[in-house]
Each structure stands twice: as C-alpha cells, then as structure tokens.
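Remarks on the structure that follows.
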C-alpha cells in the first residue's frame, strides 16, 4: 500500500472529496464515534489497537485510492478498521437501547438497523462490480487444460495461475510489473525489461482479455515474434493462444 504509490502519480486534489465520501457513506462509524464521546469508560487495550488501526489505515486507504488507476477497493482496510470500532461499541449501544422505554428503544433499534443497512448496501452496485470482476471467463478451465498439452515454455502474465496450474510455472504478473515500473505516474510505453526477457524465453503465451485493457502487452507480443494461433476450444472467450514464430 505504501511502496507502489511511491512510483505512481497520486492525485492529492481528490484526497478531501474521497475522504468525505469515505466517512459519509459509513454512518456506523459516526455512531461508534458518538458512543465513544458519550462514554466515560476508559479505553481498553483492544480498543487502543483499533484506534491505532483507524489512525493509520483510514488516511492510508484514502491516499492509495487517490493514486493513478486506483479503485475504491483500496478503501477496504479503512472500512475494516472502522467496522472494528463499531463492533467494539455494539454491546454498549445495545445496552443503551434496551434501557430506554419501549417506544424509544424500538425507534433507536430501527435507526441503528437502517444505519447498518445504509453503510453496507449504499455501495452495492460498486461492490458487485468489484466482486464479479475477474480476469477471463467461464473457459478458464478449458484454457488450463489446453495449456497442459502444449510442449515448451508457456507463460500467462495477465493471469499467472494458468501457467502455474498447467505446468507448475508461476511467472511475472503483467499488472504488478507495469505498476512498479511506472513513468511519471503512468504505465510505461514499453514492457519492462524483466517481462521482455520472459517473453524471449517463452514459446507460447496465453493471453487473457479482461476488464483492464492492455494493448501494450499485445504490441509486445508482436514485437517479440509471437502470432495468434486459432484454438477452436477457446473461440468466443477471453483467452487466446500466441506462439513464437520459428
């Protein structure tokens, strides 16, 4: 979370809007804060660790979300820290609720339930997008089975698990290499040297078209002498086989 943004452009102008969005869309954290301020109990060791996590992870999560190419999934660690505080205060919230008269207690419990639902469902559209996003499609197993039958070195930088499951070779990750070799905060115009060397040593490449377009990689395949090989079993899928011309 710290090393990668050091080589990628960080849009600091987004820090305040994302920070406000972060807090405003998670009201259970505000409820936990209010409960803490109204309580005169001393802070225990577990809660001190939670506050330490909040102080570190909340601003760090916002910071990593501001980097070039980042998504809202970077806020996950901050959400976990804030959720921990709410869980730590849940028992006190419940005791306060049941100590009120029935009508007020019912209203308080209802508002608390709405706050919980709001916190975890307001971003359901974005959550589903992140949960359902994947590299490839339903022919993943077919791609692995086909790769097992290929003689010679096969790599799959867009999804290293294919080459690993097919031949036990876990190669470089295209996205990690591009992130760590960023130029002026953006992906480089050419493939990093380590990835180019891996292409030189490979005879086959299983390309994976996913939600993140990587035309740079396809240009690199052509520059290293690879040509696309038609595979009937992989037709109309995200997977494509490339072979090096002899």
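For the range 3-52, just say rounded, prolate or oblate: build the C-alpha gyration tensor, square-root its eigenvalues into a ≥ b ≥ c, call rounded for a/c under 1.5, and beyond that prolate if a/b exceeds b/c, oblate if not. Because a/c hits 1.5 or more and a/b fails to exceed b/c, the range 3-52 counts as oblate. A Förster radius of 51 Å combined with the Cβ-Cβ distance from residue 107 to residue 68 puts the calculated FRET efficiency at roughly 0.65. Against the chain, whose longest principal axis is taken from its Cα atoms, helix 15-24 shows a tilt of about 50°. Largest mean-square fluctuation among 205, 144, 58, in a Gaussian network model of the chain whose springs join Cα atoms under 10 Å apart, belongs to 144. Size check on the range 72-130: the Cα extents along the three principal axes, sorted descending, read 42, 22, 9 Å.
Residues considered: 198, 218, 41. Largest GNM mean-square fluctuation over the chain, using C-alpha springs under 10 Å, is found at 41. Ranked by how many other Cβ atoms sit within 10 Å of their own Cβ, fewest first, the residues 210, 66 fall in the order 210, 66. Extending 7 Å from the Cα toward the beta-carbon at both residue 150 and residue 16 defines two label points whose distance is 5.1 nm.
As a calculated quantity, the FRET efficiency between residue 116 and residue 51 at R0 = 25 Å, using C-beta atoms, amounts to about 0.75. Could you state the orientation-averaged shadow area of the convex hull built on the Cα atoms of the range 4-132, in nm² to one decimal? Answer in nm², one decimal: 9.3. In angstrom, the C-alpha Rg and Dmax of the range 140-244 are 13.1, 42. Annotation: Cα Rg of the chain relative to the compact-globule expectation 2.2 N^0.38 Å equals 1.37.
Here the Gaussian network model covers the chain, with springs between Cα atoms less than 10 Å apart; of 202, 46, 115, 46 fluctuates the most.
Quick note: the coordinates plus some simple rules give every number you see, no bench work behind them. Keep in mind the model is a prediction, meaning the values are calculated, not measured. Backbone-built Cβ (ideal geometry, glycine too); neighbour counts: all protein chains shown.
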